[in-house]
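Note sheet for the following structure.
The values are calculated or read from the model by the stated rules, or taken from the named source; none is laboratory data. No experiment lies behind these values; they were computed from the predicted model shown. FYI the Cβ positions are ideal-geometry reconstructions off the backbone, even for glycines, and counts take in every protein chain you see.
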Amino acid sequence: MKLKESRLSNEELIDAYKMVKEARMLDERLWQLNRIGKSTFNISGQGAEVGQVAMALAFEPKKDYFLPYYRDMAAVMVWGMNSKDILMGSLGKEDDPSSHGRQMPNHYGDKRYNIVSFSSTVTTQLPLATGVGLAMQVDKKDSIVLTATGEGSTAQGDFHEALNFAGVKKLPVVFVVENNGYAISTPNNEEFGVKKLSDRAPGYGIFGKHIDGHDFAETYLAFKEAVQHARNGEGASLIEMVVDRLTAHSSDDDQRVYRSEKEIAEMKKHDCVDIMEKQLVDEKILKESELEDIKNELANKINQATEDAEAMPNPTSDQLMTHIYEGGE
């Protein structure tokens, strides 16, 4: 679909692109910091930025809640977190809003923006999301919940239990499966037997949709539909968003062991960021020179955020147990 079919203004589309591009450039910076030993770990969302930004823009972060998963950096930035926040988490700084430097990198949470923290154990955020959704329903609040996971997590019991409960109670929860083709090294054809994971939705009595996360407009409109469905009291949704994983599973993985050079090269030819940039130019929303200006502007922004984050203090040993148990300051 053309970008303008999203019915967003040119200014809104440019802002969305800036979010996409900043997330990509920040992700690349996090890999650099990991490779030079300044960060212990990174798990990348490269290849999913367009889908994540389009997804998050369909919600109202000031009143809605987000329970992300570890690849959702672009989405949490739309929700309110900034590059410095992300960098402080990766560097384990005291002012890291996710955990004050106590959690692994890429484990996002920020009370200021209704972003709920999560566990390293995959899929645990989905049952938590049903709990938040139930609270919204009981309190009769006009708030809905977004939660996401990878397709490998759909094999876990938590996935079934969360969607089943949400279906029974008609909870205002939008469940998202970001299908990037691999559960670490296990390809889709060894992960599940259905053609589309969204086909499971009717079994839970909820709305389901399969979308191309490379397509900004298609993704945005699908999530607007799911959001309206929930706000109208019609219950939960399951959205399967097809994206790419351009990098290895994490900084501790080498995808060349289980993916051919040809497969990786073909995937990179259809980079979602490149697709959006081409659309912006073709639809005369931005010029090539303006894309370059944005890139330079964001490079300066990320360089400054990196310097600021590195200058922040580390947690001190006397605060080791703070924020760990209830009642901690």
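Go through segment 137-180 and give me each residue that's surrounded by fewer than 24 Cβ atoms within 10 Å (Cβ to Cβ), over 24 Å from His107 (Cα atoms) and of a type in the set (A, V, I, L, M). Passing the criteria: Val138, Val168.
If we scan segment 138-145, do we find a residue that is over 26 Å from Asp308 (Cα atoms) and of a type in the set (Asp, Glu)?
For segment 138-145, residues over 26 Å from Asp308 (Cα atoms) and of a type in the set (Asp, Glu): present.
A residue that is in contact (Cβ under 8 Å) with a residue 40 or more places away in the chain and within 17 Å of Gly47 (Cα to Cα) occurs nowhere in segment 188-205. Among the residues of this structure, Arg24 does not count as one that is out of contact with any Phe, Trp or Tyr (no Cβ under 7 Å at 6 or more places or on another chain), part of a loop (DSSP other than H, G, I, E, B), touching a residue at least 12 places away in the same chain (Cβ under 8 Å) and not hydrophobic (A, V, I, L, M, F, W, C).
Scanning segment 300-329 for residues that are part of a loop (DSSP other than H, G, I, E, B), of a type in the set (A, V, I, L, M) and more than 16 Å from Pro97 (Cβ to Cβ) returns Leu320, Met321, Ile324.
Can you list residue pairs whose Cβ atoms sit under 7 Å apart, with the first residue in segment 48-67 being closer than 19 Å to Gly131 by Cα and the second being at pLDDT below 95 and surrounded by 24 or more Cβ atoms within 10 Å (Cβ to Cβ)? Count only pairs 6 or more apart in sequence or on different chains. What qualifies is Leu67/Phe118. Evaluate the following for Glu234: is it touching a strand residue (DSSP E or B) at 6+ places or on another chain (Cβ under 8 Å), touching a residue at least 12 places away in the same chain (Cβ under 8 Å), closer than 18 Å to Tyr69 by Cβ and among the acidic types (Asp, Glu)? Spelling it out, it is not the case that Glu234 is touching a strand residue (DSSP E or B) at 6+ places or on another chain (Cβ under 8 Å), touching a residue at least 12 places away in the same chain (Cβ under 8 Å), closer than 18 Å to Tyr69 by Cβ and among the acidic types (Asp, Glu).
Report yes if some residue within segment 262-272 is under 17 Å from the mean Cα position of the chain (by Cα), in a helix (DSSP H, G or I) and either within 30 Å of Gln137 (Cα to Cα) or in contact (Cβ under 8 Å) with a residue 40 or more places away in the chain (or both); otherwise report no. Within segment 262-272, one or more residues are under 17 Å from the mean Cα position of the chain (by Cα), in a helix (DSSP H, G or I) and either within 30 Å of Gln137 (Cα to Cα) or in contact (Cβ under 8 Å) with a residue 40 or more places away in the chain (or both). Of all the listed residues (Phe59, Phe41), the sole one being surrounded by fewer than 21 Cβ atoms within 10 Å (Cβ to Cβ), touching a helix residue (DSSP H, G or I) at 6+ places or on another chain (Cβ under 9 Å) and part of a loop (DSSP other than H, G, I, E, B) is Phe41.
For segment 26-51: of the residues being of a type in the set (Gly, Ala, Ser) and within 12 Å of the chain's Cα centre (by Cα), which is farthest from Glu218 (Cα to Cα)?
Ser44
Of all residues in segment 226-235, those satisfying the criterion of being exposed (fewer than 15 other Cβ atoms within 10 Å of the Cβ) and in a helix (DSSP H, G or I) are Gln228, Arg231.
Matching residues to (1) aliphatic (A, V, I, L, M); (2) exposed (fewer than 14 other Cβ atoms within 10 Å of the Cβ); (3) touching a residue at least 12 places away in the same chain (Cβ under 8 Å); (4) within 26 Å of Leu8 (Cα to Cα):
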site: Glu277; (1), (2), (3), (4): no, no, yes, yes
site: Leu286; (1), (2), (3), (4): yes, no, yes, yes
site: Asp293; (1), (2), (3), (4): no, yes, no, yes
site: Asn303; (1), (2), (3), (4): no, yes, no, no
site: Thr306; (1), (2), (3), (4): no, no, yes, no
site: Met312; (1), (2), (3), (4): yes, no, yes, no
site: Met321; (1), (2), (3), (4): yes, yes, no, no
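Residue-level check: of (1) under 30 Å from Met104 (Cβ atoms); (2) part of a helix (DSSP H, G or I), Met241 misses just (2).
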